[in-house]
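What follows is one structure encoded as structure tokens, with my remarks underneath.
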Amino acid sequence: MVSTDPSPAPPIGTASPVADEISTFALADLAGDPGWRRPVIVERELLVLTTRGHGDAELDFHLLPCRPGTLLRVRAGQLLRCAGPQFDATVVGWTTEALRGLAVDPDAPPTWRQLAGEDEDAVISEVSQLAVDCQRHGDGTPAARALLRHQLAVLLLRLALPGVDRSPPRPEVETFQRFSREVEHGYQGTRRVEDYAIALGCSVRTLTRACLAVTGRSAKQVIDERVALQAGRLLAATDEPIAQIGRQLGFSEPTNFGRFFTRETGTSPGAFRAAREQPAAGRVVRPRSPVEPTGANGGWFRSGALGEPANGGHARRSGSPTGPGGGTGRA
């Protein structure tokens, strides 16, 4: 795990006393059951720093290779599983309130990054100090809260530096990002492109052109794939009845939800759920995201063999992957 000597760091697995805003803990503390038999839906924003061992993290059905120095940025609502005791990691978790008022973009760090050299040393040092201070200064006083908030902001700013792109985005990219954010907030209520066009003050044609330019898929496909992703998350990580999941996503009839999910994924909801105890669950994910058009944060389904690495095997152990995007199943 991340070394914090000689400071009196908390034992790995011990969460910060200020767990409602910023905390540090062990990867195993996220597991919904021993051995990650099922994935979990993450309820907080996370940075996961691998400190020992090798293995694969499954993020929204997308396999990402992990070894010492691997950093994952996991968004609240994503599906995560790290099956088996193959590797250890230190996790930094926070709520959106923790960064309110600070000039930092928490989505700037990429989903997957292999740290090395001075970058790795600096990130390990900052994560270690944050772990120490979460334990020592987690009393919730204004000064302690400000210290932890600014330490988290510095860590995120450091991780954002290598990826800074000073060139202005193309109009199509800006439109796609606005559309994706609107879909993220509204996909449970409507799958009509027209409704999003009205909300954004543009035409259906403009949205479709932007989506085709960025993703190669139509605006309607982007919406439907986001709905299918959420359905897959709930099927894999919870025991909620299939009909109830369908109703949450706007389907009044279970048969309509079943046809939709089968069309989008090639698998019925029941068969998908039955395979949830297997890594990658027989489905992998196309990498699409409002923030990282080539990342795995949004994640879209496509056919794949059981346990196949995401994106047709592009998640290699060297270089950067192209992606990541009983109980409640939530962490």
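Things to note:
- Test result for Arg226, touching a helix residue (DSSP H, G or I) at 6+ places or on another chain (Cβ under 9 Å), buried (at least 21 other Cβ atoms within 10 Å of the Cβ) and modelled with pLDDT under 95: no
- Taking the listed residues Arg81, Arg73, the one that is of a type in the set (Lys, Arg), open to solvent by less than 30 Å² (accessible area, probe 1.4 Å) and under 13 Å from Gln114 (Cα atoms) is Arg73, with no other qualifying.
- Arg276 modelled with pLDDT of 50 or more, of a type in the set (Lys, Arg) and within 23 Å of Pro110 (Cβ to Cβ): no
- Residue check, Gln188 open to solvent by 40 Å² or more (accessible area, probe 1.4 Å), touching a Gly at 6+ places or on another chain (Cβ under 8 Å) and within 30 Å of Ser203 (Cα to Cα): yes
- The residues on offer are Arg170, Arg209, and the sole one that is among the charged types (D, E, K, R) and buried (at least 16 other Cβ atoms within 10 Å of the Cβ) is Arg209.
- Some residue of region 26-47 being open to solvent by less than 10 Å² (accessible area, probe 1.4 Å), modelled with pLDDT of 95 or more and in contact with a Phe, Trp or Tyr (Cβ under 6 Å, 6 or more places away or on another chain): no
- In region 91-125, the residue that is modelled with the lowest pLDDT out of those that are open to solvent by 20 Å² or more (accessible area, probe 1.4 Å) and among the small types (Gly, Ala, Ser) is Ala108.
- Residue tally, condition touching a Ser or Thr at 6+ places or on another chain (Cβ under 8 Å) and more than 23 Å from Glu194 (Cβ to Cβ), over region 211-236: 1
- The listed residues are Leu80, Leu102, Leu63, and the only one of them that is more than 27 Å from His185 (Cβ to Cβ) and of a type outside the set (Phe, Trp, Tyr) turns out to be Leu63.
The values are calculated or read from the model by the stated rules, or taken from the named source; none is laboratory data. As the structure is a prediction and not an experimental result, all values here were calculated from the model. All Cβ positions, even for glycine, are placed from backbone atoms using ideal geometry, and neighbour counts span all protein chains on display. Calculation scope for accessible area: heavy atoms of the full protein, side chains included, ligands and nucleic acids excluded. Shrake-Rupley method; radii C 1.70, N 1.55, O 1.52, S 1.80 Å.
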